[in-house]
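The structure appears right after this line, and notes come after that.
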Amino acid sequence: MNTSTETLSEATLTARLGQLAAVKREIASVIVGQNTVVDEVLMSLLARGHCLLQGVPGLGKTRLLQTLARVLDLSFGRIQFTPDLMPGDIIGTELLHQDEQGTRHLEFKHGPVFASLLLADEINRTPPRTQAALLEAMEERTVTFAGTSHALPEPFFVMATQNPLEQAGTYPLPEAQLDRFLMMIEMDYPTLDEERQILALTTQRQTSEVSHQMQAEDILLLQRWVRDIVVSDAMLDYATRLVRATRPGDADAAAVSKQWIRWGAGPRAGQSLLLAAKARALMSGRLAVQQADVHAAAVPVLRHRVILSYAAEAEEVGVVDYLAELIAVVPEPADPLASET
């Protein structure tokens, strides 16, 4: 299907929603439960961002991205971060090459970052210099080596993982680098029924493989459409006030922020919030952002962009608890369509 001439409309979006539903069905045949996680990963991808996925080992983080790559017919790469990993191990390096005529020259050999869907496994286990190499590639979507720029594939999506339990020997990402991730997604334990299904599914002979439902050009089209989703003035004002309310020193700060927050979210948080809300609206078949979209995006977009105060830690207030209170106290948008489902 030629996607270059497709424009966003209710009819074209309806057709594409069938593809997205098929993608989610294929993923669900391999990944049991975790529906919210799958939705948030897709929101990050369609918003042309990257996500940081946090969860204990064995929950299926690697399998999730591998399955997504197969369903979308995209190249998959995986980097296992270790303390001795160097930037060249990620982005690539130059090797001496000899052609058929015996002439020798340097040739750039691509590193594992040259994949459409890249799993950066345990990113906090490698030193800052190597972390920075990946984060620069994420931001610029190019790799520069010896003065020459090499474009990364499109689409390009990084899902980095962290283990929240083990902190010994790790290099936590600074706040400025965390801000580069559009979302921080929490992957929790499955329910009793889900875990039973997982055990049954993974301890028997595998009889089928997931099938391709979309291709790179389909994802690139949806990424363009996300930018075309309408945000009313009222919703723009609401998202702005929500972000500004996290800053304890700001005149617009919410009381809960002054009580529990040491450092609030910056302007990039507002950009990420709106893009994620637009992606959710598109995935829901709507051409305009509603309040529910902003609410659904708020926690994964803001949880890694605010720093709790010592008072919050003393009172055992978590980031999610704080964000729930923040959403409750920030005045709703004065838009009659904002809360429609």
Which one of P87, P172, P190 has the biggest mean-square fluctuation once the chain is modelled by GNM with Cα springs under 10 Å?
P190
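Set the Förster radius R0 to 51 Å, insert the Cβ-Cβ distance between V329 and A22 as r into 1/(1 + (r/R0)^6), and round the FRET efficiency to 0.05.
Plugging the Cβ-Cβ distance into 1/(1 + (r/R0)^6) gives 0.80.
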Using just the C-alpha positions of region 271-341 as equal point scatterers, what log10 of I(q)/I(0) does the Debye formula give at each q in 0.16, 0.26 1/Å?
-0.62, -1.18
Which value in Å is the Kirkwood Rh of region 93-193 over different Cα pairs?
16.1
Cα-based Kirkwood hydrodynamic radius, region 58-116, one decimal, Å:
14.0
GluC sites (Glu not before Pro) within region 55-143: DSSP coil, no more than 13 neighbouring Cβ in 10 Å
E100
Protection proxy ranking, peptides 191-200, 13-22, average beta carbon neighbours within 10 Å, highest first:
13-22, 191-200
Across all Cα atoms of region 207-273, Rg and the largest Cα-Cα distance (Dmax), in Å, are 18.9, 60
Per residue convex hull volume, Cα only, region 217-337, in Å³ is 99
Distance-filtered residues of region 33-69 - backbone nitrogen under 20 Å, label point 7 angstrom along E175 Cα→Cβ:
52
Tally Lys and Arg at +1 and Asp and Glu at -1 over the other residues with C-beta under 12 Å from the C-beta of A28: what net charge comes out?
-1
Only helices counted: for the chain, with every DSSP H run of 4 or more residues adding -39500 (n - 2.57) and the sum spread over all residues, [θ] at 222 nm is -13500 deg cm²/dmol
What residue among A69, A146, A137 shows peak mean-square fluctuation when the chain is described by a Gaussian network model with Cα springs under 10 Å?
A146
Given 10 °C and 1.306 mPa s, compute D for region 135-281 with the Stokes-Einstein relation, Rh being the Kirkwood radius over Cα pairs; round to the nearest whole µm²/s.
80
Sort out for me the Cα centre separation of region 255-305 from region 217-241, rounded to whole Å.
12
Under a crude label model (7 Å from the Cα following the beta-carbon direction), how far is L236 from A251 in nanometres?
2.1
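Which whole-number percent of Cα pairs in region 1-133 have a distance greater than 18 Å?
66
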Computing the accessible area with a 1.4 Å probe over protein heavy atoms, can you report the carbon and sulfur percentage for the chain?
51
So, counting K/R as plus one and D/E as minus one, what does the shell of residues with Cβ under 15 Å around A279 add up to?
+3
After finding the eigenvalues of the alpha carbon gyration tensor for the chain, what semi-axes result from the square roots of 5 times each, listed largest first in whole Å?
33, 26, 22
Excluding ligands, DNA and RNA, what is the solvent-accessible area per residue of the chain at a probe of 1.4 Å, expressed in Å²?
49
Straight-line reach from K278: which lysines have Cα under 28 Å away, leaving out those fewer than 8 places along the same chain?
K24, K61
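The values are calculated or read from the model by the stated rules, or taken from the named source; none is laboratory data. Note that the structure is a prediction, hence the values are computed from the model and not measured. Neighbour counts run over all protein chains shown; Cβ positions are idealised from the backbone, glycine included. For the accessible areas, the whole protein counts, side chains as well, though only heavy atoms, and no ligand, DNA or RNA atoms are used. Shrake-Rupley method; radii C 1.70, N 1.55, O 1.52, S 1.80 Å.
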